[in-house]
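The values are calculated or read from the model by the stated rules, or taken from the named source; none is laboratory data. Here the structure is a predicted model, which means the values were calculated and not measured. All Cβ positions, glycine included, derive from the backbone under ideal geometry; neighbour counts span all protein chains shown.
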Amino acid sequence: MLLRKAVSARCGVQGGFSVALKCNPRFNSGSYVRTVGAASLTKQSATLHPDIGKVLYTQEQLEECLQRLGSQIGRDYADKHVVVIGVLKGGFMFCADLVRHIHPVPSIMEVDFFKASSYGSGMETSGRVKLDSGFDISSLSGKHVLVVEDIVDSGLTLTNVVALLESKGHASSVKVCTLLDKRARRKVQFEADYVGFTCPDEFVVGFGIDYSEMYRFLPYIGVPTEAAIARVAAEADSTRAARMRRLVEDNEVFVSDDERGKEGETAQRG
């Protein structure tokens, strides 16, 4: 219900037209219509964001997936002390919904989140990772860890995350649950322990997955149109350029010609 309210608020105005969500007595079952002017639209068209070309996984499919994974995880961890760790930011929505579907509930279940930063040269990740400084890896000692991720693609980052949690966290076990598995992009041998969907090699957004911080709020997973991708990319470039100009004007930051357009690559003058 809260998610639908959030979606309603985010999509309140589209293309200059006021958009209202009308509830009927069957709202809790997901039956509702959107009205634009005098026209009523079906649920399918109502929930489809104008930037999305097609839906890969509907709300109903995601719910079925959560129930299936929740049952599998509940059986496997029924008598264990488990720490469920969501990988930010993309995994926040999946993780939050997943823990509510885990049944039977483990004897002890903690929920935590971390950011895992990959680093390498150029545009390619090496898979080497570091966790954000606020995460206490020592707290995992002797516990069973379930890492919850939105997408597994190359497998590089998660291979190293698992190794890090085992070696430095001294966890009793480390398993991975992913919503989407893009096997076509795999670069190393890596198998998630729990998989929601084997995903085609397409650019996807929604259900926590973003493109330049957009589309996370969508209650389904879809493929944005090429026009939307180009527009968001242009907006992101414009935002970065504006931020760089403010840094130069407000903080007297010197930016060389080679560095322009590269966020964060600045040098303090003096």
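Listed here are the residues, each with its yes/no results for (1) modelled with pLDDT under 95; (2) within 25 Å of Glu60 (Cα to Cα); (3) in the same structural domain as Thr157 (by TED's automatic domain parsing); (4) not charged (D, E, K, R).
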{"position": "Cys177", "(1), (2), (3), (4)": "no, yes, yes, yes"}
{"position": "Lys187", "(1), (2), (3), (4)": "yes, no, yes, no"}
{"position": "Asp193", "(1), (2), (3), (4)": "no, yes, yes, no"}
{"position": "Phe197", "(1), (2), (3), (4)": "no, yes, yes, yes"}
{"position": "Phe207", "(1), (2), (3), (4)": "no, yes, yes, yes"}
{"position": "Glu213", "(1), (2), (3), (4)": "yes, yes, yes, no"}
{"position": "Glu249", "(1), (2), (3), (4)": "yes, no, no, no"}
{"position": "Phe254", "(1), (2), (3), (4)": "yes, no, no, yes"}
{"position": "Asp257", "(1), (2), (3), (4)": "yes, no, no, no"}
**Asked** Does Ala163 satisfy being of a type in the set (A, V, I, L, M), assigned to a loop (DSSP other than H, G, I, E, B) and closer than 28 Å to Val105 by Cα?
**Response** no
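Please indicate, with yes or no, whether at least one residue in region 178-189 is part of a loop (DSSP other than H, G, I, E, B) and in contact with a Lys or Arg (Cβ under 7 Å, 6 or more places away or on another chain). Working first, answer last.
Filtering region 178-189 down to residues part of a loop (DSSP other than H, G, I, E, B) leaves 182, 186-189.
Pick out the ones that are also in contact with a Lys or Arg (Cβ under 7 Å, 6 or more places away or on another chain) and you get none.
Checking region 178-189: not a single residue is part of a loop (DSSP other than H, G, I, E, B) and in contact with a Lys or Arg (Cβ under 7 Å, 6 or more places away or on another chain).
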